[in-house]
Amino acid sequence: MRNWWWKIVCIVLLGYTVVGGLLMPVPRLDILNETIRNLYFHVPMWFTMLVLYGCAFVYSIKYLRSNDLKDDLYAVQLTNTGIFFSILGMATGMEWAQFTWGAAWSNDPKQLGTAMSMLIYFAYLILRSGIKDEEKRAKISAVYNVFAFAMMIPLIFILPRMVDSLHPGNGGNPAFKQYDLDSNMRMVFYPAVAGWIGLGLWIASLKIRTALLNHEEEQMEFDFEK
Amino acid sequence: MRKLSLTLLLLISTTIYCQAQATQMADEMRSNGKIYVVVAVLATIFAGILIYLVMLDRKITRLEKQRK
């Protein structure tokens, strides 16, 4: 295992999240009841997605500057993992909403914004699969990825906050204030976020390394044919 | 004789009482709502996923070393 120390930190933090997240005291709130514990699992999915998309965005810009196909490969695998976490976040959010808001889908502004940004990122993968030429695919998808990231931020983090929403932190509803995140919850929530982001980066790094191995193999065959 | 039987009765009843107490307190996995069982199940699944990731990581590292 390469650079193993942060992976061990990640394992410890997530182990603590699973056990502490279920057993540590939480505030007693109506409607939410024990489901407040979902905060340790549902919300970090989105933070992880954000970090992965952010890294992909950086690598897309790097590709446009360097024209190195490896940067493109990093961007794609990071985006892939980000999409995986966004699907997990959406699924867990819908499960949670079913039992607290009364319906899995209630056209909440944040749900709609998230669904739109998910579609934008799905289109990124479809766009890539539609272009045969490697260089052209890398360049077009890098430009698209920069726009996708620039769209994702307002869709998920700005627009839903300007209208009324069921999510906390929207429509003048304060997020992460005492009323929905007390000091007991912070003791699990912050390690949980760090742990899940670590897991996302770990999975992405494995995908990147596999893809790099494939890439090198193709390169070697290409040189051999020459 | 009566004293003896009384003592015996007391002894037996205490042991039974203690046993009842012991079964009730069996362990935490069986107590209050059995949430610890859920924690154990989740922890098992989680450990499985992490072990899988570690094995995958080591396999890729081995492949990378072979390539060099």
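The values are calculated or read from the model by the stated rules, or taken from the named source; none is laboratory data. These figures come from a predicted structure and were not determined experimentally. With ideal geometry, Cβ positions are generated from the backbone for all residues, glycine too; neighbour counts draw on all protein chains shown.
Structure notes:
- Among the candidates B:Leu10, B:Leu53, residue that is surrounded by 10 or more Cβ atoms within 10 Å (Cβ to Cβ), modelled with pLDDT under 90 and assigned to a helix (DSSP H, G or I): B:Leu10
- Top-ranked residue of the range A:30-48 - restricted to ones that are surrounded by fewer than 15 Cβ atoms within 10 Å (Cβ to Cβ) and without any contact (Cβ under 8 Å) to a residue 60 or more places away in the chain, ranked as nearest to A:Arg186 (Cα to Cα): A:Glu34
- Any hit, the range A:101-110, residues being touching a residue at least 24 places away in the same chain (Cβ under 8 Å), assigned to a helix (DSSP H, G or I), within 13 Å of chain B (Cβ to nearest Cβ) and touching a Pro at 6+ places or on another chain (Cβ under 8 Å): no
- Qualifying residue in the range A:73-91 (condition: over 30 Å from A:Ala138 (Cβ atoms), in contact (Cβ under 8 Å) with a residue 60 or more places away in the chain and not basic (Lys, Arg)): no
- Taken together, the criteria exclude A:Trp96 from residues that are among the hydrophobic types (A, V, I, L, M, F, W, C) and in a loop (DSSP other than H, G, I, E, B).
- Looking across the range B:34-63, just one residue is basic (Lys, Arg) and either within 21 Å of A:Ala192 (Cα to Cα) or facing another protein chain (nearest Cβ under 7 Å) (or both), and that is B:Arg58.
- Taken over the range A:163-181, the criterion of being over 21 Å from the mean Cα position of the chain (by Cα) and either modelled with pLDDT of 85 or more or loosely packed, with under 15 Cβ neighbours inside 10 Å (or both) is satisfied by A:Val163, A:Asp164, A:Gly171, A:Gly172, A:Pro174, A:Lys177, A:Gln178, A:Tyr179.
- Residue check for A:Gly102: small (Gly, Ala, Ser) and either over 30 Å from A:Asp30 (Cα atoms) or modelled with pLDDT of 90 or more (or both): no
- Conditions (1) modelled with pLDDT under 95; (2) at negative phi; (3) surrounded by fewer than 20 Cβ atoms within 10 Å (Cβ to Cβ); number of the one not met by A:Val58: (1)
- A:Phe41 vs. criteria among the aromatic types (Phe, Trp, Tyr), farther than 18 Å from A:Leu206 by Cα and within 13 Å of chain B (Cβ to nearest Cβ): yes
- No other residue among A:Leu155, A:Leu199 is in a helix (DSSP H, G or I), modelled with pLDDT of 85 or more, within 14 Å of chain B (Cβ to nearest Cβ) and surrounded by 15 or more Cβ atoms within 10 Å (Cβ to Cβ) apart from A:Leu199.
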